[in-house]
1. If you scan segment 1-27, which residues turn out to be part of a loop (DSSP other than H, G, I, E, B) and at pLDDT 65 or above?
2. Can you name the condition, by its number, that residue 71 falls short on among (1) modelled with pLDDT of 85 or more; (2) not in a strand (DSSP E or B)?
3. Residue 54: assigned to a loop (DSSP other than H, G, I, E, B) and modelled with pLDDT under 85, yes or no?
4. Looking at segment 58-68, which of the residues that are loosely packed, with under 12 Cβ neighbours inside 10 Å and assigned to a loop (DSSP other than H, G, I, E, B) is nearest to the chain's Cα centre (by Cα)?
5. Of the conditions (1) more than 15 Å from residue 29 (Cβ to Cβ); (2) surrounded by 12 or more Cβ atoms within 10 Å (Cβ to Cβ), residue 73 satisfies every one except a single condition; which number is it?
6. Here's a check for you: in segment 74-87, which residue that is farther than 18 Å from residue 39 by Cβ and part of a strand (DSSP E or B) is modelled with the lowest pLDDT?
């Protein structure tokens with residue numbers, strides 16, 4: 001997973017030898033990536049996305065927020081940090 005603005009989300013299943021594009025030309029920057037296991041993870045930036053299948057598909061969980069960091073303890077409990085009390 002690449003972290004930055006005007007990014008593509010990519011995935012490797014073989015230790016980085018090959019990369020698959022998951023999402024490209026997104027205008028939502030990625031500030032944070034957190035996985036609790038091989039399948040369940042979150043990506044945060046201008047939105048919070050969640051994947052339950054190792055990053056093959058992503059679902060928007062929260063939009064219209066500026067998230068700087070996200071960290072999950074398990075599939076139901078996590079924290080997110082935003083700017084200036086936005087989140």
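1. Here is the first cut: in segment 1-27, the residues part of a loop (DSSP other than H, G, I, E, B) are 1-3, 5-8, 12-19, 24-27.
Hits for segment 1-27 are 12, 13, 14, 15, 16, 17, 18, 19.
2. Going through (1) modelled with pLDDT of 85 or more; (2) not in a strand (DSSP E or B) one by one, residue 71 breaks only (2).
3. Judged against the criteria, residue 54 is not a match.
4. The selected residue is 63.
5. Single failed check for residue 73: (2).
6. 82
The values are calculated or read from the model by the stated rules, or taken from the named source; none is laboratory data. Predicted model, so just to flag it, every value in this text is computed and none were measured. Glycine also receives a Cβ, built like all others from the backbone with ideal geometry; neighbour counts cover every protein chain displayed.
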